[in-house]
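In what follows, a single structure is set out as structure tokens and then discussed.
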Amino acid sequence: MTANQSIPSDEISIWFFIGVLLTIYGALILGYGIWELITGNLANVVLAKLHAPVWWGAMMLVLGLLYGIRFRPGKA
Amino acid sequence: MAVIEMHGLALASIVSGALASPVRLLLALGSPSLAHLSPLDLAVIAIYFVMVIWIGFYLKNKSNTSEEFFMAGREMTAWIAGLSFVSANLGSLELMGWAGSAYQYGILAAHWYWVGAIPAMLFLGMVMMPFYYVCKTHSVPGYLKMRFGPGSSIVSAFSFAFMTILMSGVNMFAMAEVMKVVLGWDLNFSIIVSSVAVAAYVALGGLRGAIFNEVLQFVLIWGGALLVPILGLIEAGGWNGLKAKIAHNMAVGAIPSGDYTHMWRSMGHFQDNPMGVHWTGIIFGLGFAISFGYWTTDFLVVQRVLAANSLRSARMAPIIGSFFKMAVPFIVILPGLLGLVVLQNGDGSLMKLVGEDIVKANPGAGLHSYNEVLPLMLVRYCSPGLLGLGITALIAGFMSGMAGNVSAFSAVWTYDIYQPLINKKARDEHYVAVGRWATILGVIISIGTAYLVMSAHGIMDYVQALFSFFIAPLLGAVLMGMFWKRATAAGGFWGLLTGTLTSVGLFAWVKIDPSALKYVALSPYAKDLAEDMYRALWSLSVTFIVIFVVSLFGKPRPIAELDGLVYGATKIPKQDPVPFYKNEWYWAFLAIAVFLGLQITFW
């Protein structure tokens, strides 16, 4: 099974929208995680020492960039 | 009360400072809440709304013909149709409700995701889809019209349109109430914002708009909710640690005794499990009558698959959906189970969740209901940004649920009610305009229903029960029509009608005389869920019998007229050979193997 789809080059694929959203969310969450890591000002949540915003945000950012680039408008 | 105060964040303020203040002012109309959102969380939610409206406007120019507006141009790939198919059912009410049920009943709740979904989804893809797809119907009532004539179609279209729009209103109210409990948002604010957004993207983008947002919502739900079970399992010491802690909590009397981690062992008798269900009800009532009724004939979900770009994609879509459906318990059932061992009060003692009635009877006692387990878990683990993502996933789930109802209503209203009964020969653009207005009208009626439910809570139970009345008889009519050439128009009509009346009658009988439960559900120990299962089974049986008997006295349609509609009279188009990994049968068998493996693992 593959998520690939053939779309006319002038159309925007849903996967591109998803890529954009994941990229923005990933950047925001990773940015916060790095700020938390640098300042040591951890949020008052359980397992905060695992720094979930860093690795979860990074994963979303990478996935978002992959989808955003792979399905960018204009790419046949 | 496990409220976690979020820190003021320099970074978040930079990102969303300008936007946060007015929004916060507006939201401050609400009451004390479970979670407090930081500016970063609000930015995450706001970005989602911007994205939704962007998609709506982008798709406006791609929904000009009726085929584009109502059927998304039948251009969806198997992946998009499949994710949308499973996502249309993955509303937030369901996520929160079943997480609460898992806290209450244990892994038994997973029956609704596995035996209550997978066989039906695979049956739709592999057996029924060729008929739906080949006959090019626009809707399930449309199929009934082709097969049985206008009588059955009109009954089915009116009941579907009426119930769909009521359900949309119930969803809207439920969302507003959840937002009030979790975030302290004002009810009117939640209803207005969600209605405007849904009306905008469905009226502009049609089914394509709804499908795009459902796929987006699917990604958000996984992105926002998956972290909870991962961190929960780390805290609990893995699956074995979770089981050991549940056993310990039961031993010390902290939680009620029961088998929380096995699915079938306590199904021998109604009174052996807290759900009050029996394995016959689970397999035949839930696994057949209800599940097949919902997944194969409810137009809300079938519409997504009909939008696929080829027969192979249409068959593959439910199969792709089945794999994700099997995985959903990981983000719904598992957090519910984890809640049994990790949720704590402010003093470090184990938090005990209770029923809604107890929470309402003890205002100010700081109690939380079972249905709040998922938000509580989100608040427990998610720092700023991640909490906003989790809340956005819930909002997206509610909105796509409403959008699904409204887009299906719009299609059935236009194709199955307006066109045959009011204006048969209008231009295509006219029907698109009717569809857009039906979408807006649908949202307005939903808002009215939401306020009606708000003023009289008891109505909600009746609306949900009403919806279940039509599912099983519709399945009976479609199955008999699709697999029995001899079935006649009169048989279809009377079967549908008597099956529905049977369901209504049994519901009323138990309401008036609760002791009738021992006849309807075969045991006085049966509970509500078991009653639903057996009622569906009775109603389906009556539909089958009536269609069979009435058809025997009528004249069947010539075989030639049944081409594309009935098994044995339809030539299924030959599909090009593909490698095994692209073949739908290969993936269907793999899905069956995974499904059976899950039943054995959690036996």
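Structure summary
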quantity	calculated
Every residue from region B:217-235 that is in a helix (DSSP H, G or I), surrounded by fewer than 22 Cβ atoms within 10 Å (Cβ to Cβ) and among the aliphatic types (A, V, I, L, M)	B:230, B:233, B:234
Residue B:193 vs. criteria in contact with a Pro (Cβ under 6 Å, 6 or more places away or on another chain), at negative phi and more than 14 Å from chain A (Cβ to nearest Cβ)	no
Search result, residues across region B:351-385 that are more than 14 Å from every other protein chain (Cβ to nearest Cβ) and either closer than 28 Å to residue B:222 by Cα or hydroxyl-bearing (Ser, Thr, Tyr) (or both)	B:352, B:353, B:354, B:355, B:356, B:368, B:369, B:370, B:371, B:372, B:373, B:374
Any hit, region B:232-250, residues being at pLDDT below 90 and within 14 Å of chain A (Cβ to nearest Cβ)	no
Residue satisfying all of: in region A:8-33; over 25 Å from residue B:225 (Cβ atoms) and at the interface with another protein chain (Cβ under 9 Å from one of its Cβ atoms); modelled with the lowest pLDDT among these	A:11
Single residue of B:225, B:161, B:157 found to be at pLDDT 85 or above and within 13 Å of chain A (Cβ to nearest Cβ)	B:225
Number of the exception - residue B:121 against (1) in contact (Cβ under 8 Å) with a residue 40 or more places away in the chain; (2) surrounded by fewer than 23 Cβ atoms within 10 Å (Cβ to Cβ)	(2)
Residues of region B:307-321 satisfying the condition of being away from chain A (no Cβ under 12 Å) and surrounded by 23 or more Cβ atoms within 10 Å (Cβ to Cβ)	B:307, B:314, B:315, B:318
Residues of region B:569-603 classified as farther than 30 Å from residue B:260 by Cα and of a type outside the set (D, E, K, R), total	14
Residue selected from region A:34-55 under the condition assigned to a helix (DSSP H, G or I) and facing chain B (nearest Cβ under 8 Å), by the criterion farthest from residue B:227 (Cα to Cα)	A:35
Inter-residue pairs, beta-carbon under 7 Å, first within 12 Å of residue A:50 (Cβ to Cβ) and in region B:226-238, second among the aromatic types (Phe, Trp, Tyr) and at pLDDT 95 or above, 6+ apart	B:227/A:56
Residue list for region A:20-76, filter: hydroxyl-bearing (Ser, Thr, Tyr) and either surrounded by 14 or more Cβ atoms within 10 Å (Cβ to Cβ) or touching a strand residue (DSSP E or B) at 6+ places or on another chain (Cβ under 6 Å) (or both)	A:23, A:25, A:32, A:67
Unique residue being more than 28 Å from residue B:581 (Cα to Cα), of a type in the set (Val, Ile, Thr) and over 27 Å from the mean Cα position of the chain (by Cα) when the list is B:277, B:228, B:252	B:252
Some residue of region B:104-113 being outside any helix (DSSP H, G or I) and modelled with pLDDT of 90 or more	yes
Listing of helices (runs of 4 or more DSSP H) fully contained in region B:266-344 that carry 2 or more residues being at pLDDT 90 or above and in contact with a Cys (Cβ under 8 Å, 6 or more places away or on another chain)	none
Helices (runs of 4 or more DSSP H) within region B:503-603 that include 3 or more residues among the hydrophobic types (A, V, I, L, M, F, W, C)	B:528-552, B:584-601
Complete set of residues in region B:143-202 that are crowded, with 21+ Cβ neighbours inside 10 Å, within 22 Å of the chain's Cα centre (by Cα), under 30 Å from residue B:559 (Cα atoms) and of a type in the set (A, V, I, L, M, F, W, C)	B:157, B:160
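The values are calculated or read from the model by the stated rules, or taken from the named source; none is laboratory data. No experiment lies behind these values; they were computed from the predicted model shown. With ideal geometry, Cβ positions are generated from the backbone for all residues, glycine too; neighbour counts draw on all protein chains shown.
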